[in-house]
Amino acid sequence: MVSDPAGAPEFAEQVDALQAATRVLAGVALRSLDALGGVITLPQFRMLAVLAELGRTRSARVARALGLDASTVTRLADRLVAAGHVARGSDPRHRSVVTLELTPSGQSLVAAVSGWRHRELSRIVAELPPATRGQLARVLSQLITAAGEGYGLAAGPLLPL
């Protein structure tokens with residue numbers, strides 16, 4: 001039988017440290033958008049990032065990937081199309097199917113945000129002692145595995161408290 005670590009003081013410290021790290025990573029994500037001068041919002045960037053990963057795809061697939069209703073994706077896409085960051089199209093085999101894809105402007109925004117995040121995370125990691133940096137990738141990989149496949153990529157069912 002495995003003991004419940006939730007009651008152990010060191011477990012509480014580990015969870016607290018992870019919550020603090022989450023704040024730092026969320027701060028990096030938000031500040032990376034600020035670096036664009038408020039051109040896009042976080043939900044809009046999430047759509048751009050999904051489109052960067054998927055390429056030209058059906059809007060329904062984008063909705064699934066983001067965990068959003070189709071109508072919400074349509075509104076987000078409307079704003080991004082109007083701004084010139086996304087192109088709306090149709091599937092030649094199914095005229096009623098709406099497709100979305102990044103324009104060069106949208107690709108540029110994703111690249112700018114990704115580049116800013118990479119530089120900022122590099123700066124933060126460089127502040128760590130070398131021994132800690134050596135452990136970082138291994139520990140974070142284990143955390144990602146523990147969270148489960150695709151965790152954080154789309155909204156999923158909430159676990160009971």
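We did not get these values from a lab; they are worked out from the coordinates using the rules stated. Note that this is a predicted model, so its numbers are computed, not measured. Neighbour counts run over all protein chains shown; Cβ positions are idealised from the backbone, glycine included.
Other residues lying with their Cβ under 11 Å from the Cβ of Val28 contribute a combined charge of +3, Lys and Arg counting +1, Asp and Glu -1. Residue exposure proxy: Ser59, Ser141, ordered by other Cβ atoms within 10 angstrom of their Cβ from fewest to most, comes out as Ser141, Ser59. Residue ranges 74-80, 108-114 sort as 74-80, 108-114 when ordered by packing (mean number of other C-beta atoms within 10 Å per residue, highest first). Comparing the chain with the 2.2 N^0.38 Å rule of thumb, its C-alpha radius of gyration ratio is 1.27 (two decimals).
In the chain, which longest range has no GluC sites (Glu not before Pro) that are both DSSP loop (not H, G, I, E or B) and surrounded by at most 16 other Cβ atoms within 10 Å?
Values: sites that count: Glu127, Glu149.
Answer from the scan: 1-126.
Report the Cα centroid-to-centroid distance between the range 112-147 and the range 58-74 in angstrom, as an integer. Cα centres, the range 112-147 to the range 58-74: 30 Å. The relative contact order of the chain, computed from alpha carbon pairs under 8 Å that lie at least 6 residues apart in sequence, is 23 percent.
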